[in-house]
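The values are calculated or read from the model by the stated rules, or taken from the named source; none is laboratory data. Given the structure is predicted, the values throughout are model-derived calculations rather than measurements. Don't worry about glycine lacking a Cβ; one is built from the backbone with ideal geometry, like all the others, and counts go over all protein chains shown. The protein model used for the area step is the full one, side chains on, heavy atoms only, and it has no ligands, DNA or RNA in it. Shrake-Rupley method; radii C 1.70, N 1.55, O 1.52, S 1.80 Å.
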Amino acid sequence: MSSHSQENEEPTSTNADIESEAGGSHNDEASQLRPPAKRQNSVAVIEISDTESDDSDICAVNTYQASADEVKRIRRAEYSSSSSSSDYSSDSESPWEDDSIVVQDKTEPKLEIAQLNIRANRMDAPKLNIAFKSDDLVDSLKLHWKEEKDMTTKDVTFTNDPFKLCLLHNVLENAEIINNIVDDMNTLDWSRKKMDLYEFHQTTDLANLTWQRSIRGIYELFKTELMSLVSAVTGLELASVSASCSLYGPGDHLLVHDDRLGDRRVAFILYLAPWVPRPRPKPKPIQNGANHSEDGVAAATAGGWREDMGGALQLLRGADVRRHVLPANNMLAFFPVGPGSFHQVLEVTSMELPRLSINGWFHGPGPEPEAPTGEAPALGRPHGEVVLLDQWVESTYMSPRARAQVAAQMECASEVCLRDFLLPAQYERLLAELPGATWRWAEPAHAGRYEVAADAGGAAGELLRLAGGAAWLRLAADCTGLALTRLATPQLQRWRGGGWRVLPAREAYAAARLEAVLYLGVPAHVLAGGATTYAAPEEAGEGALVTVPPVSNALSLVYCDAGAASFTKYVSRLTMSEDECFYMLTCTYSE
């Protein structure tokens, strides 16, 4: 590498410069009288040596070019201009010398290698922290688990509200191996998981990743020492483990669920965050639609993760967040899977770092499966109140010919979208009056996060009566060619950032039906989420059959066969401010 001390200094006047100024003549005497070129003031020159390693940077100060003010200060305060022993001297004896000098650093500092992202030896295997092999600690944790008493030490945090959760801090003895695991993650194949409940990247089961040494090692640790430890603490019989790597980027999330499926007995998450994020101002708390609780709120930063980056694990009771756990490097969280183990992963808002974890379940013999608790929505007859449809609906859709054309489209595609459905005057009136309506959170809390109009007054009440009347039912029948006779109670909903609705219980989509969705007041800018998606949950892959995007004043009619169900995709807070909202009118009809 060439010397920066030479490259940073500008040369003295060239022969061409001298010739130009002296009328074309030049000689040695003239060139000696010419003063050296005035140097530009500069700062310290830093030489960076690339060692072809991600783990170290070598920095050394080679030269420093002082400004005129600095030279004067040095000469006045510390060095005498007549002293012949000064380490600092001018680089020229010319009487035309300017006040800037080049100061050579006589000291040769010893180069220090700064170790960044320290890694373990590639042949090492992850090791369980010796603290968790202590009989005293395990016995104490077993007792607290059994008696449902909270416990807090430097190694363990155990809480019971709203259900049992155990956090093992610094679970790996050789924490530096986490960097090896993250390195190996960079070589894996990731699949994008996107459905009603979730959106993130995931790998195949760790059992299939035996060619990655560090990941194979952590999988073996889960199968042996960790499974034995969890079994001893919980008193549950555990026989096997399933796990995968998860990566949450900006906007990714996992909505409220209880993890109950098959023989899952204990859920776990090993957090991987071996970095120090840059500090940022702390914003308002971000939640996947749940009332924020001050109980158990973690500190603003926790081992490589800040609260404003999202991605926290939240434990819920109903709609209330009872515990809020930030990802912390080298921490293992586990809890029993049961009817009340509702939890979620907040939307990740970090634009610089991903949320990485290894998560899964310990399996074992469990209780008998519970009987389904869902039920089909109650269907009734439309009311007989007089409703003037032509005072609400665009005149185009009042024409029998137009309705026949819509029915033809419906027969071909099983879905149709009627744009500009409501008259402009009524639509604007709705947008003006709906904010003043009475709203309540939809129930149950684990099925969705949106508000429902709770009164029947004003424009909201008029719209609900319109959708529940016989005239609207005839309009839907004419536009679909279906002999519709019954309907479920129409619902007017208000949606904000963080809103969502998951697939309903199986009983709700056991029969064929027509679903109608009318969007109102959708923001003009692009949204992430908010679309109503129809899928066949019982079929492999659970791919989307139809997706209805949020478009203002557009009524979508979708015919659903038995086995098809709908959900509304999570509305990202990254694309919707706190003061923004939109509305949806939903109706279900059957023959």
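Once you have the alpha carbon radius of gyration of the range 346-441, what is it after dividing by 2.2 N^0.38 Å, with N set to its residue count?
1.95
Find the all-direction average of the projected area of the Cα convex hull for the range 428-527, expressing the result in square nanometres with one decimal place.
7.9
At 7 Å along the Cα-to-beta-carbon direction for both ALA471 and ASP139, put a label point, then send me their distance in nm to one decimal.
7.9
For ILE130 and LYS223, what is the calculated FRET efficiency with R₀ set at 22 Å and r taken between the beta-carbons, to the nearest 0.05?
E between ILE130 and LYS223, to the nearest 0.05, is 0.65.
Greater than 22 Å separation of Cα atoms is the criterion. Which listed pairs, LYS149/LYS223; LYS146/LYS223; LYS127/LYS223, meet it?
Checking Cα-Cα distances, LYS149/LYS223; LYS146/LYS223 exceed 22 Å.
Mind listing the long-range amide H neighbours of GLY499? Cut-off is under 5 Å, sequence gap 5 or more, other chains count too, H placed in the peptide plane at 1.01 Å from N.
Here the answer is VAL571, since their amide H atoms fall under 5 Å of that of GLY499.
Ordered by residue, what ³J(HN,Hα) values in Hz, to whole numbers, does the range 382-390 give under the Karplus form 6.51 cos²θ - 1.76 cosθ + 1.60, where θ = phi - 60° and Gly and Pro are x?
My calculation for the range 382-390 gives x, 6, x, 5, 6, 10, 7, 5, 6 Hz in order.
What full-extension length gain, to one decimal in nm, is calculated for GLU237 and ALA510 as 0.36 nm per residue of separation minus the Cα-Cα distance?
Here the answer is 94.7 nm.
Taking all protein chains together and a probe of 1.4 Å, list ARG429, ARG474, ARG192, ARG265 from the most accessible to the least accessible.
ARG474, ARG192, ARG429, ARG265
Taking only protein heavy atoms into account and a 1.4 Å probe, give the accessible area per residue of the range 477-527 in Å².
About 37 Å² of surface per residue is accessible.
Could you give the length gained by full extension between GLU433 and ASN208, i.e. 0.36 nm per residue of separation minus their alpha carbon distance, to one decimal place?
Extending this stretch completely gives an extra 75.3 nm.
Amide H to amide H under 5 Å from LEU418: which residues, 5+ apart in sequence or cross-chain, H placed 1.01 Å off N in plane?
Hits under the 5 Å cutoff: LEU555, SER556, LEU557.
Step through the residues of the range 176-182 one at a time and calculate ³J(HN,Hα) from phi using the Karplus curve (6.51 cos²θ - 1.76 cosθ + 1.60, θ = phi - 60°), rounding each to whole Hz and writing x for Gly and Pro.
Whole-Hz 3J(HN,Hα) from phi for the range 176-182: 5, 6, 4, 5, 5, 4, 5.
Quick query: amide H of LEU423 versus all other amide H atoms, modeled in the peptide plane; which residues come in under 5 Å with a sequence gap of 5 or more or a different chain?
Counting only residues 5 or more places away or on other chains, the set is VAL393, GLU394.
Please state the charge dipole magnitude for the range 493-540, taken about the Cα centre, from unit charges on C-beta atoms (+1 on K and R, -1 on D and E), reported in debye and rounded to the nearest 20.
Computed charge dipole of the range 493-540: roughly 280 debye.
Just in the range 491-588: which GluC sites (Glu not before Pro) are loop by DSSP and have at most 15 other Cβ atoms within 10 Å?
Of the GluC sites (Glu not before Pro), the ones in loops of the range 491-588 whose Cβ has at most 15 other Cβ atoms within 10 Å are GLU538, GLU539, GLU542, GLU578.
Hey, quick one: spin label on ASN174, modelled 7 Å out along Cα-Cβ, who in the range 124-162 has an amide N within reach, i.e. under 14 Å?
Residues 124-130 qualify, since their backbone N sits under 14 Å from the label point.
For the range 375-500, what % of the accessible area comes from carbon and sulfur atoms, probe 1.4 Å?
Carbon and sulfur atoms account for 51 percent of the accessible area of the range 375-500.
Return the carbon/sulfur percentage of the accessible area of the range 124-212, one whole number, probe 1.4 Å, all protein chains in place.
After summing per-atom areas, the C and S share lands at 46 percent.
Cβ neighbours within 10 Å, averaged per peptide: list 155-162, 213-220 in order, most packed at the top.
213-220, 155-162
Quick one: which of 481-488, 408-415, 565-572, 176-183 comes out on top by average Cβ neighbours within 10 Å, and what's the full order, highest first?
565-572, 176-183, 481-488, 408-415
What list of ³J(HN,Hα) values in whole Hz, one per residue of the range 118-126 in order, does the Karplus curve 6.51 cos²θ - 1.76 cosθ + 1.60 (θ = phi - 60°) give from phi, with Gly and Pro shown as x?
Running phi through 6.51 cos²θ - 1.76 cosθ + 1.60 with θ = phi - 60° gives 4, 10, 7, 4, 4, 8, 6, 10, x Hz.
Which order do ARG306, ARG122, ARG278 take when ranked by solvent-accessible area (1.4 Å probe, heavy atoms of all protein chains), largest first?
ARG278, ARG122, ARG306
Compute, for ASP150, the solvent-accessible surface of its heavy atoms (probe 1.4 Å) with the complete set of protein chains present, and express it in square angstrom to the nearest 10.
100
From largest accessible area down, sort THR575, THR224; use a 1.4 Å probe on the protein chains.
THR224, THR575
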